[in-house]
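Remarks on the structure that follows.
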Amino acid sequence: MAAQKQVLKAVKKNWHSILAPESFGKEVIGESLVASASDLVGRIVTVNLASLTNDIRQQHINLKFRVVAVEGDAAITELLCFEVMSAALKRLMRRGVDRVDASFVAETADGKKVRIKPFILTKAYARGTILRLLRKSLVEFVSAEAKKVGFDEFVKSLISNKLQMDIKSALKKIYPVKSSEIRYFGLE
C-alpha cells in the first residue's frame, strides 16, 4: 500500500483591528488574527460597556457588534444588541415589589426595526389592573420615543441612562416606580 502524503500549505495570518461604530468614536474594541480581512465580515464581537465608556457603573451591560465592512486593516462594525446581564436584574428584585416586563418591536425614525424589552419595578405590590396599565403605558411611551429619534440617537439615550429616567418619571404618575431598565435592545 502506498502511503499518501498530504501537503498542507501554510497561510500567513495577520492581526486586524475591530472598530466600534462612529457613535462610539470608532474606538478599537478588539483584534482578530485572520488570513484576509474579508474573513472578518459577519463576525460578532461582544464588548462590555464599561470598557467603551470607562465608566465602571456600566459593567453590567454587554454590547454585541457585527462586522459589516473592512477598510484597510480595520474592520467596521454596527451595533447588533444591548443587553443587561440577568444577575444585575436579580439584584434589583426585593420582597414586596412587582415586576413589569414587556417585549415588542418598534421602528425608529430612520426606519430600523428593533426589539425592545423594558423592565420596571414598582415600589410596592400593585393590583393587576394597575400592572396592566403600567405595561400598556410602558410600551406606548418607549415606542413613541423610538419613533422620535434615529437608531444612533436612541442608543445614545440608552447608554446615557436618559431614556430609563424618562420612563420612570412618565410612569410614576400611574404608580410609584422604584427602577426602570431596558434589559434588551437589538436589531430585528
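We did not get these values from a lab; they are worked out from the coordinates using the rules stated. Everything quoted here is computed from the prediction, not taken from an experiment. With ideal geometry, Cβ positions are generated from the backbone for all residues, glycine too; neighbour counts draw on all protein chains shown.
Points to keep in mind about this one:
- The sum of -39500 (n - 2.57) across all DSSP H runs of n ≥ 4, divided by the residue count of the chain, sets its helix-only mean residue ellipticity at 222 nm to -8000 deg cm²/dmol.
- Seen from a random direction on average, the alpha-carbon convex hull of the chain projects onto 16.0 square nanometres.
- Highest mean first, the peptides 61-68, 121-128 sorted by other C-beta atoms within 10 Å per residue fall in the order 61-68, 121-128.
- When +1 charges are put on Lys and Arg Cβ atoms and -1 charges on Asp and Glu Cβ atoms, the dipole computed for the chain relative to its Cα centre reaches about 1120 debye.
- Rounded FRET efficiency, nearest 0.05, which uses the C-beta distance separating Thr129 from Ser86 and R0 of 30 Å: 0.60
- Couplings for the stretch 48-55, taken from phi via the Karplus curve 6.51 cos²θ - 1.76 cosθ + 1.60 with θ = phi - 60°, read 7, 5, 4, 6, 7, 9, 6, 10 Hz in order; Gly and Pro are left as x.
- Point-to-point label distance, Phe141-Thr53, nm (Cα→Cβ direction, 7 Å offset): 1.9
- Translational D in µm²/s for the stretch 14-84 (Stokes-Einstein at 20 °C, 1.002 mPa s, Kirkwood Rh from C-alpha pairs): 175
- P(r) weight above 22 Å for the stretch 86-187, C-alpha pairs, percent: 26
- Here the extension length gained between Val149 and Glu107 equals 14.1 nm, from 0.36 nm per residue of separation less the Cα-Cα distance.
- Computed from backbone phi, the HN-Hα couplings of the stretch 82-90 come to 10, 10, 8, 5, 5, 5, 5, 6, 5 Hz, rounded to whole numbers (Karplus: 6.51 cos²θ - 1.76 cosθ + 1.60, θ = phi - 60°; Gly and Pro given as x).
- Charged-residue dipole, Cβ positions (Lys, Arg, Asp, Glu), the stretch 14-84 about Cα centre, Debye nearest 20: 200
- Which of Val84, Val105, Leu121, positive extreme of dipole for the chain (C-beta unit charges): Leu121
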